[in-house]
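Encoded as structure tokens, the structure appears first; notes follow it.
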Amino acid sequence: MGWLDVFRNNEKKTSAQMAKERLQVVVAHRRTGGGDHPAYFPQLQQDLLAVLRKYVQVGDDAVQMEIEREGDLEVLELNITLPEDARH
Amino acid sequence: MAKIIVVTSGKGGVGKTTTAASFAAGLAMRGHKTVVIDFDVGLRNLDLIMGCERRVVFDFINVISGEANLKQALIRDKRHENLYILAASQTRDKDALNQEGVERTLNKLAEDFDYIICDSPAGIETGAIMAMYYADEALVVTNPEVSSVRDSDRVLGMLSSKTKRAKEGGEPVKEHLVVTRYAPNRVGKGEMLSLDDINDILGIPLLGVIPESEKVLNASNSGMPVAMEENADAGQAYLDLVARFLGENRPMRFTEAKKKFLDRLMGR
Ligand SMILES: Nc1ncnc2c1ncn2[C@@H]1O[C@H](COP(=O)(O)OP(=O)(O)OP(=O)(O)O)[C@@H](O)[C@H]1O
Ligand SMILES: [Mg+2]
């Protein structure tokens with residue numbers, strides 16, 4: 001490492017550090033099942049949001065979906081967050 | 001009992017065939033009867049790397065379809081009597097590689113050999129799955145580069161879900177990380193992922209590091225697995241890897257940047 005790099009390191013990450021951080025995110029995502037969705041998943045999520053919005057005002061992240069696998073069984077886990085004042 | 005070892009990666013061109021050839025050669029040089037099989041149907045290349053392309057008459061697909069028996073298709077290496085090659089076919093029909101045929105062939109080879117090395121094609125399709133399906137252990141070949149590391153992670157996912165061991169719920173396939181084309185001087189400059197980085201991300205035991213080396217191209221030009229080449233850094237690294245695989249303790253080499261002449265002179 002040259003003496004100039006000492007100054008540079010304080011300012012920004014090396015490209016290898018950026019690579020590592022980005023990889024840690026995608027690998028963690030795959031390992032928790034995130035990368036393994038069926039192709040229809042994003043569309044289903046959009047459709048569910050549209051249905052929901054007929055009744056309540058919700059944000060884009062209101063519908064969280066995961067697929068859980070246990071042996072041969074696949075379970076679609078839906079988590080819908082309603083706004084505080086949804087009951088009115 | 002023969003051990004079946006797949007050399008796999010997901011991403012193409014990272015050094016699977018180079019690794020399969022040198023790993024098989026190294027095992028044979030240590031006295032183990034070893035066969036290396038090219039699973040890359042339609043893109044046969046292992047024969048060239050092993051230097052036996054002119055001796056291929058029958059191939060793996062011919063054996064599976066019954067057009068030839070194993071004895072006719074196995075090519076014995078001229079340099080090491082323990083080393084054999086089973087070439088891939090040049091046919092474009094990928095379906096020729098059917099599961100029953102692969103199993104039958106591997107079972108037959110297992111009667112005769114100590115190690116069966118399967119050189120996987122790139123990708124995550126049938127050919128790659130077929131190459132890993134019966135594996136006991138896997139060498140996951142990875143370059144210090146984002147797309148290669150990510151693909152290796154996907155392959156680890158396949159090893160734990162798509163293999164016979166995974167389906168039958170037995171002992172999982174034993175995974176080994178092999179980092180190839182490693183350039184210590186670039187790692188030192190922060191331009192390339194380090195061994196520790198890759199270890200942190202993938203979390204499987206490191207079996208060996210192969211340096212980026214011009215000797216690899218030279219060796220492939222002459223049809224010689226680089227492990228057979230004396231005085232080649234990459235070849236030495238492969239022989240170390242084989243020794244570790246056989247249970248010996250060998251420190252990693254070729255992982256530090258070469259010091260500049262002036263630095264060495266001044267003892268820095
Ligand atoms: N350690 C190394 N140093 C320099 N070059 C290398 C090294 N390892 C492999 N190569 C080169 O990289 C290229 C690809 O190698 P190889 O054919 O072994 O990869 P592969 O993973 O089998 O590819 P494919 O996915 O197409 O089957 C070749 O040109 C080879 O010479
Ligand atoms: Mg190859």
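Annotations
- For the peptides A:45-53, B:71-79, B:173-181, the ranking by packing is B:173-181, B:71-79, A:45-53, with the highest mean count of neighbouring Cβ atoms within 10 Å listed first.
- Chain B: most fluctuating residue of B:GLY170, B:GLY157, B:GLY127 per GNM, C-alpha cutoff 10 Å: B:GLY170
- Chains A and B together, accessible area buried on both sides, 1.4 angstrom probe, square angstrom: 1200 Å²
- Taking the Cα centre of the protein assembly as shown as origin and assigning +1 to Lys and Arg Cβ atoms and -1 to Asp and Glu Cβ atoms, the resulting dipole is close to 1200 debye.
- Percent RCO, i.e. relative contact order, over chain B, from Cα pairs under 8 Å lying at least 6 residues apart: 24 percent
- Overall, the anisotropy analysis places the protein assembly as shown in the oblate class: the square-rooted eigenvalues a ≥ b ≥ c of its C-alpha gyration tensor yield a/c not less than 1.5, with a/b not exceeding b/c.
- Tensor-based shape of region B:20-133 (alpha-carbon gyration tensor, a/c under 1.5 rounded, otherwise prolate or oblate): rounded
- Cα→Cβ-extended label distance, 7 Å offset, between A:ASP85 and B:LYS78, nm: 8.6 nm
- As a calculated quantity, the FRET efficiency between B:LYS215 and B:GLU256 at R0 = 22 Å, using C-beta atoms, amounts to about 0.75.
- For B:MET192, the accessible area of its heavy atoms, probed at 1.4 Å with every protein chain present, is near 30 square angstrom.
- Spin-label proximity, B:LYS162 to region B:5-26 - amide N less than 15 Å from point 7 Å beyond Cα toward beta carbon: B:6-12
- If you run the Gaussian network model on chain B, springs between alpha carbon atoms under 10 Å, then out of B:ILE201, B:ILE64, B:ILE210 the most flexible one is B:ILE201.
- Per residue value of the accessible surface for region B:11-149 (all protein chains in place, 1.4 Å probe), Å²: 41 Å²
- Accessible area per residue (1.4 Å probe, heavy atoms of protein chains only) ranks A:GLU84, B:GLU191, B:GLU125 as A:GLU84, B:GLU125, B:GLU191, with the largest value leading.
- Within 10 Å of the Cβ of each residue in B:195-203, the mean number of Cβ atoms contributed by other protein chains is 3.
- Rounded to the nearest 20 debye, the dipole size of chain B about its Cα centre is 540 debye, using +1 on the Cβ of Lys and Arg and -1 on the Cβ of Asp and Glu.
- Ligands, DNA and RNA left out, the accessible area of region B:63-114 computed with a 1.4 Å probe is 40% carbon and sulfur.
- Most fluctuating residue given options B:LEU83, B:LEU207, B:LEU195, as computed from a GNM of chain B linking Cα atoms under 10 Å: B:LEU195
- Distance from the Cα centroid of region B:77-153 to that of region B:28-56 is 11 Å (rounded to whole angstrom).
The values are calculated or read from the model by the stated rules, or taken from the named source; none is laboratory data. Given the structure is predicted, the values throughout are model-derived calculations rather than measurements. We place every Cβ from the backbone using ideal geometry, glycine too, and count neighbours over all the protein chains shown. Accessible surface is based on the protein model in full, side chains and every heavy atom, while ligands, DNA and RNA are left aside. Shrake-Rupley method; radii C 1.70, N 1.55, O 1.52, S 1.80 Å.
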